[in-house]
1. With the convex hull built on the Cα atoms of the chain, state its orientation-averaged projected area in nm².
2. Can you sort Phe89, Phe19 from fewest to most other Cβ atoms within 10 Å of each residue's own Cβ?
3. May I have the pair-distance distribution P(r) for segment 94-179, computed from all Cα-Cα distances with 10 Å bins from 0 and rounded to whole percent?
4. When the helix-only estimate is applied to the chain (DSSP H runs of n ≥ 4, each -39,500 (n - 2.57), divided by the residue count), what is the mean residue ellipticity at 222 nm, nearest 500 deg cm²/dmol?
5. Please check: in the Gaussian network model of the chain (C-alpha springs, under 10 Å), which one of Val325, Val201, Val300 has the largest mean-square fluctuation.
6. I'd like the antiparallel share, as a percent to the nearest 5, of DSSP beta bridges with both residues in the chain.
7. What aspartates and glutamates does Lys9 reach when the alpha-carbon gap must be under 20 Å and sequence neighbours fewer than 8 apart in one chain are set aside?
8. Can you tell me the dipole magnitude for the chain around its Cα centre, using point charges on the Cβ only (Lys, Arg +1; Asp, Glu -1), in Debye to the nearest 20?
Amino acid sequence: MTSQGKSPKELGFFFPAEFAKHSATWLSWPHKEESWPGKIETIFPIYSQFVKLVAEGENVNINVADEKMKQKAIGHLQKANADLSNIHFFFHPSNDAWCRDHGPAFLVHSKEKKKMVVKWNYNAWGGKYPPFDLDNQIPISIAKHYGLPLATPGIIMEGGSVDFNGKGTVLTSTACLLNPNRNPHLSKEEIEKHLIDYYGVENILWLGDGIAGDDTDGHIDDITRFVNDDTVVTVVEENKADENYKPLKANLELLAKMKLENGKSLNIVQLPMPAPVYHEGQRLPASYANFYIANKYVVVPTYRDKKDDQALDILQKYFPNRKVVGLDSADIIWGLGSFHCLSQQEPAI
């Protein structure tokens, strides 16, 4: 609950769609070698290009551990010709770079110009990659810096496991939210109550399994995303021999039966999957659905694949006021995530 003893929903707050206007994007500068074993230095040029693009249309707020990390980041960003006047650093140490999951969930009020922060608990996707104590502190530090009210539901929840249309509907997956390594003491109904109370939604749409190689147990941001109030893009696999074929087909069938908060069916757009990407024999969660919607651009991970251009062309149709840009994610995906996993939007009010 909040300090007033009421839920954010009861107080009139909700989580806006990612395609709503941002005041900023939050990132945690990558530094954990184990996330990109023997590879971390190769990700900085593309990561910096990502920051550069986002900073053309909004502020970019970057969590760093100390002055040394800040100066290293500035060096990479200068090489990318990023506009440093829109980039701001905060001394908020993190364990890892996945700000979508450990960053703050910013809610806005439906009538008044004010925000609040929801600080979910974070356990690195079921305790897979300890420690995560610094990551857990970041939403608290950000809320404190801005003097924003803070709600603490007390359960595990990651930003990559939910996607919103901003009108009352949230998409998620049973594979992730009902996984016993998250909140084994809660029933599906109890988890739904938390989603309603703390994200300000009313309509919950459950998909099934995630994609192969996804160590988050099925995050929605690798599968299905809202591109406007009533339209989703969802990845499909054409190769029947691929392990993604059946679960993605099952999710497509589920989507066809779903209704929005207003009772209408979803508009469903199919997005291809790239050919499988491997690192040392391990399947990586390469998906075009892990795009990030910034104010000026939609930044889409590409994989040096023949379907890259097709995916970009499909997405461009649904973002008439933004330029869809592909950035090579062949190295970044070694960390088992891409641009959406690395970022968390702060909505404008």
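Since every read-out is calculated from the coordinates, none of them should be taken as a lab result. Here the structure is a predicted model, which means the values were calculated and not measured. Because the Cβ atoms are built from the backbone with ideal geometry, glycine has one as well, and the counts that use them run over all protein chains shown.
1. The number I arrive at for the chain is 16.3 nm².
2. Ordered by Cβ neighbours within 10 Å, fewest first: Phe89, Phe19.
3. 16, 47, 31, 6, 0
4. Value at 222 nm, helices only, nearest 500: -7500 deg cm²/dmol.
5. Val325
6. Restricted to the chain, the bridges split so that about 40 percent are antiparallel.
7. The reachable aspartates and glutamates, counting only those whose Cα sits under 20 Å from Lys9, are Glu18, Glu112, Glu158, Asp163, Glu189, Glu190, Glu192, Asp197, Glu202, Asp229, Glu261, Glu346.
8. 860 debye
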